[in-house]
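Novice: One structure is given below, represented as structure tokens, and several questions about it will come after.
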Amino acid sequence: MQEIEVSAGEVFRAVGMPEIADDPPPPTDVLAEYQRGGRAWVAEVGGEVVGYVLVELIDGNAHVAQVSVHADHARRGIGRALLDHVESWARDRGLPALTLTTFRSVPWNGPYYERLGFEEVEAPAPELAALVAHEAELGLDPTKRVCMRRDVRS
């Protein structure tokens, strides 16, 4: 999963965001915590893990903490399939929506999620707002970030 994160992050260099590409992947103990909590899934192609998604519960919603696909497998619907799996998981638990935070203008971030049915959240609920504030403390410019939500479909 860490190798996938590094590969997926490299594309940020092309849009002038090397600091994002250089951000280290989640530590293995953090990844293991998501797995133990039943909130981590991987996508495989030919027996090889090529993508993953991590989910938290924030404001009573399934919050996509991270979704990454190895650059060699990008643009093949793997990210969409992972998000659809999260939606099924959320539906089974009676959660109303998926949420996430992302870069507003990076083509494979905000615009991509819009195509997948996510909509911008103008006034985030308290826990999501706290997450945005934490991201700002870590150096992510809140003017370049957006909170998004997709209601769970029946």
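The values are calculated or read from the model by the stated rules, or taken from the named source; none is laboratory data. From a predicted model like this one, the values you see are computed outputs, not experimental measurements. Methodologically, a virtual Cβ is constructed for each residue, glycine included, from the backbone with ideal geometry; neighbour enumeration extends over all protein chains shown. With ligands, DNA and RNA removed, areas are computed over all heavy atoms of the protein, side chains included. Shrake-Rupley method; radii C 1.70, N 1.55, O 1.52, S 1.80 Å.
Novice: Of everything in segment 70-117 that's in a loop (DSSP other than H, G, I, E, B) and touching a Phe, Trp or Tyr at 6+ places or on another chain (Cβ under 9 Å), which residue is nearest to ALA8 (Cα to Cα)?
Specialist: Once the filter is applied, the top-ranked residue is ALA74.
Novice: Considering only segment 120-134, state which residues are surrounded by fewer than 14 Cβ atoms within 10 Å (Cβ to Cβ) and charged (D, E, K, R).
Specialist: GLU120, GLU122
Novice: Which one of the conditions (1) hydroxyl-bearing (Ser, Thr, Tyr); (2) at pLDDT below 95; (3) out of contact with any Pro (no Cβ under 9 Å at 6 or more places or on another chain) does SER105 fail to meet, given that it meets all the rest?
Specialist: (3)
Novice: Do any residues in segment 105-134 that are hydroxyl-bearing (Ser, Thr, Tyr) have Cβ atoms under 6 Å from those of residues that are surrounded by 12 or more Cβ atoms within 10 Å (Cβ to Cβ), where the two are at least six apart or on different chains, and which pairs are they?
Specialist: TYR113/MET148
Novice: Right, another one. Output the residues belonging to segment 46-65 that are surrounded by fewer than 17 Cβ atoms within 10 Å (Cβ to Cβ), touching a residue at least 24 places away in the same chain (Cβ under 8 Å) and not in a strand (DSSP E or B).
Specialist: Within segment 46-65, just GLY60 meets the criteria.
Novice: Among the numbered conditions (1) over 26 Å from MET17 (Cα atoms); (2) open to solvent by 40 Å² or more (accessible area, probe 1.4 Å), tell me where ALA97 comes up short.
Specialist: Against the list (1) over 26 Å from MET17 (Cα atoms); (2) open to solvent by 40 Å² or more (accessible area, probe 1.4 Å), ALA97 comes up short only on (2).
Novice: Another question about this same structure. For segment 135-151: of the residues being part of a strand (DSSP E or B) and basic (Lys, Arg), which is surrounded by the fewest Cβ atoms within 10 Å (Cβ to Cβ)?
Specialist: Top of the filtered list is ARG145.
Novice: Please verify whether VAL121 is touching a Leu at 6+ places or on another chain (Cβ under 8 Å) and over 24 Å from VAL42 (Cβ atoms), treating the condition exactly as stated.
Specialist: So VAL121 passes the test.
Novice: Let me ask you something else. Which condition breaks for SER68 when tested against (1) open to solvent by 20 Å² or more (accessible area, probe 1.4 Å); (2) in contact (Cβ under 8 Å) with a residue 60 or more places away in the chain; (3) touching a strand residue (DSSP E or B) at 6+ places or on another chain (Cβ under 8 Å)?
Specialist: Every condition holds for SER68 apart from (1).
Novice: Shifting gears a bit: For the subset of segment 18-45 comprising residues that are out of contact with any helix residue (DSSP H, G or I) (no Cβ under 9 Å at 6 or more places or on another chain) and aliphatic (A, V, I, L, M), which member is least open to solvent (accessible area, probe 1.4 Å)?
Specialist: Within segment 18-45, the match that is least open to solvent (accessible area, probe 1.4 Å) is ALA32.
Novice: (1) of a type in the set (Gly, Ala, Ser); (2) open to solvent by 60 Å² or more (accessible area, probe 1.4 Å); (3) free of Cβ contacts under 8 Å to residues at least 60 places away in the same chain: which one isn't true of SER154, the others all being true?
Specialist: (3)
The rows are residues; the columns are (1) within 15 Å of the chain's Cα centre (by Cα); (2) under 19 Å from VAL106 (Cβ atoms); (3) at pLDDT below 95.
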position: VAL11; (1), (2), (3): no, yes, yes
position: VAL15; (1), (2), (3): no, yes, yes
position: GLU33; (1), (2), (3): no, no, no
position: ALA40; (1), (2), (3): yes, no, no
position: GLY60; (1), (2), (3): no, no, no
position: VAL64; (1), (2), (3): yes, yes, no
position: ARG75; (1), (2), (3): no, yes, yes
position: LEU82; (1), (2), (3): yes, yes, no
